[in-house]
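Down below is the structure, laid out as structure tokens.
The values are calculated or read from the model by the stated rules, or taken from the named source; none is laboratory data. Because the structure is predicted, anything quoted here is derived from the model rather than measured. All Cβ positions, glycine included, derive from the backbone under ideal geometry; neighbour counts span all protein chains shown. These area figures cover heavy atoms from the full protein model, side chains too; ligands, DNA and RNA do not enter into them. Shrake-Rupley method; radii C 1.70, N 1.55, O 1.52, S 1.80 Å.
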There are 2 protein chains.
Amino acid sequence: MEETEKVEIMNFDQKGYLKDGEELYKVGKKMAALADKVAEEGYDAVFLLGVGGTWDELMQLEYMMNKFGDKDLECYLIHAAEYNVSGHKRMTEKSVVLTASDSGTTPEILQAITTMKEQGVRVFAMTKPEGPIGQAAGAENCVQMASDHGSGGCEGGYYLADCFGLRLLYHRGCFPKYDAFIEQTRGIWSDLLDIRKRFEPKAEEIAKKYALAPYTMFIGGGALWGETILFAMCILEEMQWKRTRYVTSADFFHGTLELVEPGVPVILFKGEDEYRALDNRVEAFLKSGVTGDDDVVVIDTAEYAIEGLDPEFRVIVSPWILTVLVTDRVSRYYETVTKHNLQYRRYYHQFDY
Amino acid sequence: MEETEKVEIMNFDQKGYLKDGEELYKVGKKMAALADKVAEEGYDAVFLLGVGGTWDELMQLEYMMNKFGDKDLECYLIHAAEYNVSGHKRMTEKSVVLTASDSGTTPEILQAITTMKEQGVRVFAMTKPEGPIGQAAGAENCVQMASDHGSGGCEGGYYLADCFGLRLLYHRGCFPKYDAFIEQTRGIWSDLLDIRKRFEPKAEEIAKKYALAPYTMFIGGGALWGETILFAMCILEEMQWKRTRYVTSADFFHGTLELVEPGVPVILFKGEDEYRALDNRVEAFLKSGVTGDDDVVVIDTAEYAIEGLDPEFRVIVSPWILTVLVTDRVSRYYETVTKHNLQYRRYYHQFDY
């Protein structure tokens, strides 16, 4: 531990982060206990409810539920603003909803879960129990996310959401190694510190080269697609006012490739699931020389080891690793280059709309 | 008819278009007959299979199937490149697939339907029966799209796909007025000519003002979301090499709004379904004055009448109208301003990848 802490991570509280990790393990147990109760009571479908960043964050769990789940498991990622105008035809009083809100006040989420609760739907929220969303969900259905000492990434939220979803899968016989997964990731926070340290120079290099670029392309897919959107939209658009284009590695060849030309930064996130074949195809094209574009960066989660983790669990932690690399580290270095404080907003929460 | 043809539509064969419309009515009957057979045989789920532009085009039908369908109807829009690496856990030998390929050769689609056919899945294709995709699907399962006299929009494909999907809904008791819909839209091609004529000056104005802009934002949702992607990605990115940002009216407030500033063209597509409330919210924000951006264009399908069409059918034709306005008309005027031929590609079909 002391060895680990010797190397600096810019603007990062390493001790606090490890303490948060210990707390997350405990809070994860609470998430699993909620899932145990749901599994015992029964459910017809699982809904993951978000808006903006929380929608992006829950996408990785939708991916896992579909990947590991049996064919009769229904799991839907729904957008609160869309739900509020259209509802969802598969939601019944036997359904279960997982949502999240850091602020505890997100208006679209609050409206959605109020409707859902009126219909008798069970709603669980990763939020502070005393906030409006916590109150609407019911304090007994809330799990407070660990206090955020240092990380600007979403790995804590990913962990907790996964504890809930994977535990449901466990009870369906679809994820029998749940306990092994929880124990093997108990010390992952230390690995994620090491990964940060290793990535620090690359994060700085990416920011120095590209933070001032007028337009940057981000390509991802599979388990990393939600994090790709989150970084490009909720970090770079919202917090840095940068023009970005995010596209899946599947769709890249159907339009967006024509925008690649010398001087356009293209950042490819390579994952560790079946979609990697599509990422590889994009990488081969970008590096073939036909575009003349030298500003291609590949960030491959497979290059970052997690000690003692079974290979079959890598896909689950791949978005945790990516969020550490980009939403936490790259964004901090962007801030130092753009001199644009990540907290500034032009309009969001500044005006009613 | 003669009256109608007096006004010019730039680079457009009005007579040929009306002839295509007559042909579409006949081909639509064939689509309905295929759906009749499927309904009689039974099916467990409907898959709409596309890649790039065809994926975007089929999205409107996914929307209709979910909107009108009973809660037990399963309809999934799937991306061929993704299917080829991940499959789909809900597809069985009782499933039915609808796909499309203008060229008849799209490699991702060909690979996907070859796998599907091997698994005994019924595949129907809007494509030429003699092409590789037509051969793989089986000529008896193919419907050739009407020859394209004039229109650069997707309304013909939308019409045929809808004939198939809405007919399935009809047999489920979810769209009892199928026949009325088909008869009421029999003459829609003439209305769509009138709509073109009315929109011609606006298409020219949009192109003159914004075709050279370095970055343009497109906002849409609901039944229009697929067409929004199609225009921004498959037309402006692929065929005009323009940098675009497309975002749903639901997600706009969660990041992208921060990019709105004076000089950034923002084009909002307003639809006629329950998502219109979200479009209205975006419009109110854009016109509130807080952004200082005067380059806001609203294209509202509700402003374009279709004679003799029941109000309940408007949602179905709303993407037909939008594709006429933008994918057909605006793109033609972009070409005249950018001097960039819509047929040029930097990389697509130029290189193996």
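A few comments on the model shown:
- Per-residue surface analysis assigns A:Met239 an accessible area of about 50 Å², computed on protein heavy atoms at 1.4 Å probe radius.
- When the GluC sites (Glu not before Pro) in the range A:253-353 are filtered for DSSP coil states and for at most 11 other beta-carbon atoms within 10 Å of their beta-carbon, the remaining sites are A:Glu307.
- Excluding same-chain neighbours fewer than eight residues apart, the aspartates and glutamates reachable from A:Lys15 by a Cα-Cα span under 14 Å are A:Glu2, A:Glu3, A:Glu5, A:Glu23, A:Asp148, A:Asp191, A:Asp194.
- Interface burial in the range B:217-248 reaches 50 Å² or more for B:Met233, B:Glu237, B:Arg243, B:Arg245, comparing the full protein assembly with the chain by itself; accessible area from heavy atoms with a 1.4 Å probe.
- For the range B:188-338, share of DSSP beta bridges that run antiparallel, in % to the nearest 5: 0
- Loop-located trypsin sites (Lys or Arg not before Pro) across the range B:152-187 with a Cβ neighbour count of 16 or fewer within 10 Å are B:Arg172, B:Lys177, B:Arg186, with loop assigned by DSSP.
- Shielding of A:271-278 by partner chains, average beta-carbon count, 10 Å: 3
- For the residues B:Met59, B:Met91, B:Met233, a GNM of chain B with alpha-carbon springs under 10 Å puts the largest fluctuation on B:Met91.
- Percent accessible area from carbon and sulfur atoms, the range B:188-338, protein chains only, probe 1.4 Å: 50
- Remark: the protein assembly as shown is approximated by an ellipsoid whose semi-axes, taken from the C-alpha gyration tensor as √(5λ), come to 41, 29, 25 Å, largest first.
- In Å², nearest 10: area of A:His171 left accessible to a 1.4 Å probe: 90
- Taking amide H positions as modeled 1.01 Å from N, with prolines and chain starts lacking one, the residues under 5 Å from B:Val298 and 5 or more places away or on another chain are B:Leu268.
- To the nearest ten degrees, helix A:276-286 and the longest principal axis of the Cα atoms of chain A are 20 degrees apart.
- Computed with a 1.4 angstrom probe on protein heavy atoms, the A-B interface buries about 5400 square angstrom of accessible area in total.
- The orientation-averaged projected area of the convex hull spanned by the Cα atoms of chain B comes to 17.5 nm².
- Viscosity 1.567 mPa s, temperature 4 °C, Stokes-Einstein D of the range B:283-333 from Kirkwood C-alpha radius, µm²/s: 99
- Shape analysis of the range B:204-244 yields a ratio of the Cα radius of gyration to the Kirkwood radius, Rg/Rh, of 0.98.
- When the convex hull of its Cα atoms is projected in every direction, mean area for the range B:1-141 (nm²): 10.2
- Neighbour-limited loop hits for GluC sites (Glu not before Pro), the range A:2-53 (at most 12 other Cβ within 10 Å; DSSP other than H, G, I, E, B): A:Glu8
- Inter-part distance, the range B:280-353 to the range A:14-78, computed on C-alpha centroids, equals 38 Å.
- Expressed in Å, the radius of gyration and Dmax of the Cα atoms of the range A:198-338 are 14.3, 42.
- With 5 Å bins beginning at zero, the pair-distance distribution over Cα atoms of the range A:166-210 amounts to 5, 20, 14, 12, 11, 11, 10, 9, 6, 1 %.
- For chain B, the mean residue ellipticity at 222 nm estimated from helices alone is -13500 deg cm²/dmol, where every DSSP H run of n ≥ 4 contributes -39500 (n - 2.57) and the total is divided by all residues, rounded to the nearest 500.
- Burial of accessible area (probe 1.4 Å, heavy atoms of protein chains only) in the range A:46-94, relative to its chain alone, reaches at least 50 Å² for A:Lys71, A:Glu82, A:Val85, A:Lys89, A:Arg90.
- Per residue value of the accessible surface for chain B (all protein chains in place, 1.4 Å probe), Å²: 37
- In this structure, the amide hydrogen of B:Phe124, modeled 1.01 Å from its nitrogen in the peptide plane, lies closer than 5 angstrom to those of B:Val97, B:Leu98, B:Thr99, counting only residues at least 5 positions away or on a different chain.
- Across the range A:103-204, Cα-Cα pairs more than 19 Å apart make up 58 percent of the total.
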